[in-house]
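Report on the structure given below.
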Amino acid sequence: MKPVLLLVDLQKDFLSRPALEPPAEELIPRVGQLLKGCRELGVPVIHAHTVVRADGEDRMPHWKSAGIWECIAGRPGSAPPEELQPRDQEPVFEKQFYSAFADRSLHATLEELDADTLIVAGVYLHGCVRSTVMDAYERGFEIWVAEDATASTEAVHARVTKDYLADRMATFLSSDTILARLKRNGTVLRTPGVRVHPVGNIGGDWLGASSHGLWEQRNPSKWDEILGLIPLASREEVAGAAAASRSAQVDWRRISPRSRSELLIAWAAKLAGREADFAGLMALELGKPIGVGHDEVRFAVELLHETASIVAREQALTGYDLNRAKTRSCPVGVIGVITPWNNPIAIPVGKLGAAIVFGNGVVWKAALQAPRTTRLVLETLFEAGPPNGLVNLLFGGVNTAKQLILQPEVQGISLTGSCATGREVARLCARFPKPFQAELGGNNAAIVMPDADVERAAQELALAAFSFSGQRCTATRRFIVHRDIRKGFIEALVASINALKLGDPLDVETQMGPVISRTKQTRLEDLVKAAVSHDARILCGGRIPAEWDFGCWFEPTLLDTPEPTLGVVQEETFGPIAVLQTAKDLDDALSLLNGVPHGLVASLYSEDPACQRRFLEGAEVGILKLNQSTLGAAPGAPFGGWKASGVGPPEHGVWDQIFYTRPQALYGQSLDEDALP
């Protein structure tokens, strides 16, 4: 059980209404008892508050009609009483109407916490509590309502609401019963003997956890094994990290580009020296096959060498004489870097290396699933010798990322994540606005034409689709096959899939380890069931292998999907599920290729020059491959998607300069450019 306590609208304006039953003097101590007990047990706490702008224009219509001015931002009435104040690390979500889920970040935060049970308390039972419970029920949570820690201004309506919800959606329990159940179910997260990781590193110092909410890290290969507990950084810690980075960056930007590139070369050597350690950690924390882990470390080293060589050759920072003016490239300032769990070395190394070599500071919000790998990445950087505070690390979830984006001292955001995450981050960045760069995954396709080497294509594409259980942004997820070779290609592909080695990620022969979590495993099962219910046909796989049921394995699954609008075709499954689509000719194949929101990578298997030219003209993606699988990238080539797969400039090579620097024009014949920062 993974419970979270959600406190709804416990604000002075609501608590002061005269008709409140029970009255505030009784309700506040009861909520306080529940809050104190949950905090002692390590249960994460979330607050939802109604907040109205100072001008009142966003008040609910019936408040406007009645002349109600409550919960105005910044006024005392919008705050909770002292006993119920949120702690620094407890996220607060704002709403305008009823349900706490109106802020979409709430559901994302609950997913980050892997929550399955929502404990709800607050006001009013007949209104905001009711609406929140109904939305939580729709999202699949088990719901406990603390019946002695809720109140209402309409007693009859509240009784009817309780009966309605109790019969359908929620269990009503006293606070004492809830706390007793939590203790009985072993909900104490600070389990003796389980590692509690630092909150992060600010100014070169690792910060210990205190009363932070904790995220439970489990071994995907042995799901009963708890590997550690990861604290979720607070707003204050985000602000501290941003301030430390800004302070260090002021001097760092004055360091010569060549000296900054030498730091990257030193870091690359430190990374290379710990390759075996990194590969072993990723096998443990992520279930990444150890051979794939070695490849990732080597690619990270290549990225650093490529970036360092560009700057050292002064290809990126040379000014251009335009007769009347010259130009130069200046650092952006402090970059907020948000990275995913699946490539915890190569992705952050590529972003951090580019940011610092161009003179920026960094606050890095790392994913929660690989804390030991992440810490080793930072430690190898520190061994290379950057100034204290230039690069700061924070562990956290959605709320931590949100606070990072909102920090005034953070002047640009680089993200690798899902399309949904990218849309939300773009919305937040647009409020300032802040430069934003994002790689948002790919529903990648490979087209196989009649003149292709079918056996070779099948072997390469099976590995591209299913190695590391399909948990790569460049994995092949759709096989678009010409109808004339459909039967032969299916036979070759299924044989290649069945030949893949599924097993222990620490075994050097393993190509497919587990997926990242039980939640992911269940979602994959549901995807297959939904596809089959809409006439998709399972060509192989489709189940949890019985011999690996102690972990999170899922068989490599190939679905024959005649309907291109199916969810499993249109969405990025990010797991070991791929679909087969049949095309009558190349134009039809390109239509299927482009018929999804994504546009990261596409490959074509054909030796026909005319066919290749048509593919290069018509494929709406950022990365094209001819007679190669979708996997793999050159460290100096632009890496970025089109359509929903990318926002802003691509990553890597000389293209990093576009995002991590700002051009500036210089006028004046006698200007001492060397003296300028």
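The figures follow:
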quantity	calculated
Geometric extent, Cα atoms of the range 540-608 - Rg, Dmax (angstrom)	14.8, 48
Range of Cα positions in the range 444-636 per principal axis (Å), largest first	51, 39, 30
Two-site FRET efficiency, residue 432 against residue 205, from Cβ-Cβ distance with R₀ of 22 Å, rounded to 0.05	0.15
Two-site FRET efficiency, residue 330 against residue 2, from Cβ-Cβ distance with R₀ of 56 Å, rounded to 0.05	0.75
Residue list for the range 551-586, given a label point 7 angstrom along the Cα-to-Cβ vector of residue 525 and an amide N cut-off under 18 Å	551-558, 575-577
Shape call, the chain: gyration tensor on alpha carbons, a/c limit 1.5	oblate
Cα-based shape type of the range 427-490, given that a ≥ b ≥ c are square roots of the gyration tensor eigenvalues and the cut on a/c is 1.5	prolate
Theoretical FRET efficiency, 1/(1+(r/R0)^6), r = Cβ-Cβ of residue 64 and residue 88, R0 45 Å, to 0.05	0.85
Cα convex hull volume per residue for the range 248-383 (Å³)	102 Å³
Estimated [θ] at 222 nm from DSSP helical runs (n ≥ 4, -39500 (n - 2.57)) normalised by residues in the chain, nearest 500	-11500 deg cm²/dmol
In sequence order, calculated HN-Hα J values of the range 21-38 (Karplus, 6.51, -1.76, 1.60; Hz; x Gly/Pro)	9, x, x, 4, 5, 9, 5, 4, x, 5, 5, x, 5, 5, 5, 4, x, 5
Gained length - residue 423 relative to residue 584, 0.36 nm times residue gap less alpha-carbon distance	54.4 nm
Whole-Hz ³J(HN,Hα) from phi, Karplus 6.51 cos²θ - 1.76 cosθ + 1.60, for the range 291-308, glycine and proline x	x, 5, x, 4, 4, 5, 4, 5, 5, 4, 5, 4, 4, 5, 4, 5, 5, 5
The range 373-520 shape via C-alpha gyration tensor axes, a/c threshold 1.5	prolate
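Coordinate-derived values only; no laboratory data. Quick caveat: nothing in here was measured; it's all calculated off a predicted structure. Heads up, the Cβs are rebuilt from the backbone with ideal geometry, glycines too, and the neighbour counts pull from every protein chain shown.
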